[in-house]
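Participant: Below you'll find the structure I mean.
The values are calculated or read from the model by the stated rules, or taken from the named source; none is laboratory data. All values reported here derive from a predicted model rather than from experimental measurement. Because the Cβ atoms are built from the backbone with ideal geometry, glycine has one as well, and the counts that use them run over all protein chains shown. Note: accessible area is taken over every heavy atom of the protein model, side chains too, but ligands, DNA and RNA are not part of it. Shrake-Rupley method; radii C 1.70, N 1.55, O 1.52, S 1.80 Å.
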Amino acid sequence: MEKQQTYITDTNSSDEIDLIELAKKLWAQRVFILKVAGIAAIVGLIVAFSIPKEFTTTVKMAPEGINTTKGGGMADLAALAGFDIGSSNNWEGINLTLYPDVIMSTPFMVELSQIPVQGADMDSTLTFYDYIDTQISSPWWSCIFKLPLKAVGWVASIGKKEESEPATINPYALSKKQSNILEGIKSRIAVSVDKKTGVITASATTQDPIVTATVADSMVNKLQEYIYKYRTEKAIRDLDFTQNMFDEAKQNYHDAQRKWAEAYDANRNIAKQSAQVDLTRLQNEQQLAFSVYNQMAQQLESAKIKVQEQTPCVTIIEPASIPVKKSNASKLVILIGFIFLGGCIAVGKILLPDFLTKKRDENSISQES
């Protein structure tokens, strides 16, 4: 027991002595540490000036939701407390949490890729698809990383007939290039939904502030159109059906009215009972046609009101604006990060061999004891 305590005391003493020796060793190697940090600073400057500027625009919107469940008050109280009770049933139409999936879907991306954009340094208007294809720049090292893949692709294409790019984008039959560009568009778009408040936050990131604002605004507008279409689709179909029935009932009423008038003019001075029976029958048909016509007119007005009720109100809380500051890390932050990383590498290179040697010695001593 005394031997173990003596060993622990000696170990603690050696640790204290090691801290002093560690500081002395680092001070003795300060020139080496400064050299490594200087090299890291140069690398950091090269990296900082090689990364293209990125600009991000954020838009916030709140679509109107209709509570269709009983006990909505309890759900509201639970939401205030941070709980979600049956939130998927409280929204008439598509669930809020599915909006990010809608925006990231291929048909939506294809539609978004065709919006016209023109940046500050662009001479003409391009589609967002062509902008991603021709105007986006990458760091120089990305070309180096892509060289092996390009070499493999070139070797694999030997002897194969080169396929021409289609003139239009078919979301159900994308070419390899179209798929890559659409993936690039997806990587520059982000959408999130706050389940408690129902606020949708959408952001777009490009290398031009004007293009960024244009893409964010178009993305929100197209999402609004989707929400309108989804929420009113059934009501509009019902309205079209009711409109057709109304037009048919109106035509039937006018035909019955004309037949009765023609029969009345032809038999006005005739006292035959058969003529009176025909007039009575035509008059009854006219009244029946008018009753149907009147009912369809009322249903048509109800269908129009239903469409208006189903049309959601989407409030833009924070509209798209042209960003002033870039969104990626500043050159100073990158420089400081590389200097810190270089310092850590230098310190590790100095201390790691002694640390490993010390661990081996301790393990051998403990085994002997």
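Participant: What number goes with the only condition from (1) under 30 Å from the mean Cα position of the chain (by Cα); (2) exposed (fewer than 13 other Cβ atoms within 10 Å of the Cβ); (3) among the β-branched types (Val, Ile, Thr) that Thr280 does not pass?
Facilitator: (1)
Participant: Scan the stretch 290-342 residue by residue and report those that are modelled with pLDDT under 90, under 30 Å from Lys250 (Cα atoms) and either assigned to a loop (DSSP other than H, G, I, E, B) or touching a Phe, Trp or Tyr at 6+ places or on another chain (Cβ under 6 Å) (or both).
Facilitator: Thr311
Participant: Turning to a different aspect of this structure: Quick one: which residue in Ala79, Ala48, Ala37 is modelled with pLDDT under 85, assigned to a helix (DSSP H, G or I), of a type outside the set (Ser, Thr, Tyr) and surrounded by 14 or more Cβ atoms within 10 Å (Cβ to Cβ)?
Facilitator: Ala79 is the lone residue from the list that is modelled with pLDDT under 85, assigned to a helix (DSSP H, G or I), of a type outside the set (Ser, Thr, Tyr) and surrounded by 14 or more Cβ atoms within 10 Å (Cβ to Cβ).
Participant: Scan (1) assigned to a loop (DSSP other than H, G, I, E, B); (2) open to solvent by less than 90 Å² (accessible area, probe 1.4 Å); (3) charged (D, E, K, R) for the single condition Lys195 breaks and write down its number.
Facilitator: Only one criterion is unmet by Lys195, namely (2).
Participant: Taking the stretch 320-353 on its own, how many of its residues are of a type in the set (Gly, Ala, Ser) and more than 30 Å from Ala213 (Cβ to Cβ)?
Facilitator: Within the stretch 320-353, residues that are of a type in the set (Gly, Ala, Ser) and more than 30 Å from Ala213 (Cβ to Cβ) number 4.
Participant: Moving on to the next point. Output the residue which, of all residues in the stretch 208-250 that are aromatic (Phe, Trp, Tyr) and open to solvent by 60 Å² or more (accessible area, probe 1.4 Å), is nearest to Tyr131 (Cα to Cα).
Facilitator: The selected residue is Tyr226.
Participant: Hey, another quick one. Is there a residue in the stretch 121-137 that is surrounded by fewer than 16 Cβ atoms within 10 Å (Cβ to Cβ) and assigned to a helix (DSSP H, G or I)?
Facilitator: Scanning the stretch 121-137 turns up at least one residue that is surrounded by fewer than 16 Cβ atoms within 10 Å (Cβ to Cβ) and assigned to a helix (DSSP H, G or I).
Participant: List, please: which pairs have Cβ atoms under 8 Å, are six or more places apart or on different chains, and start with a residue in the stretch 166-193 that is of a type in the set (Gly, Ala, Ser) and end with one that is part of a helix (DSSP H, G or I)?
Facilitator: Qualifying pairs under 8 Å: Gly184/Ile132; Ser192/Pro100.
Participant: Now, a different point. Any idea how many residues of the stretch 340-369 are of a type in the set (A, V, I, L, M, F, W, C) and open to solvent by 70 Å² or more (accessible area, probe 1.4 Å)?
Facilitator: Going through the stretch 340-369 one residue at a time, the tally reaches 7.
Participant: Scan the stretch 321-346 for residues that are within 21 Å of Pro52 (Cβ to Cβ) and not polar (S, T, N, Q) and report the count.
Facilitator: 14
Participant: A follow-up question, please. What's the total number of residues in the stretch 148-168 that are open to solvent by 90 Å² or more (accessible area, probe 1.4 Å) and at pLDDT 75 or above?
Facilitator: 2
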